[in-house]
1. Hey, what D do you get for the stretch 25-73 in µm²/s if you plug the Kirkwood alpha-carbon radius into Stokes-Einstein at 4 °C and 1.567 mPa s?
2. All other residues with a Cβ under 12 Å from the Cβ of Arg44 taken together, and with Lys, Arg as +1 and Asp, Glu as -1, what is their net charge?
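Nothing in this text is a laboratory measurement; each read-out follows from the coordinates by a stated rule. None of these values were measured; they are calculated from a predicted model. Cβ: placed from backbone, ideal geometry, glycine included. Neighbour counts: every protein chain shown.
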Amino acid sequence: MTTATATRELTALDRCDRCGAQAYVRAVLQSSGGELLFCGHHSRAVEATLRPLTSDWQDETGRLNEKVHQTIDD
């Protein structure tokens, strides 16, 4: 069975389920289709354990570097 998930860009309104910081990773669970959101720090902490259990691992942590470069260049 293949599950299709609608992927959208994570925004500042999406918050980490562990600490409440801005989420940059969405993990969609294979078993239930439910999703978990994580900041960069917490996604790295759980990735090895959680990723094999997901149908989709949407990682937007690369955007963190974009923000740093925008701030420095401005």
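1. Taking Rh from Cα pairs, D becomes 111 µm²/s.
2. Net charge around Arg44: 0.
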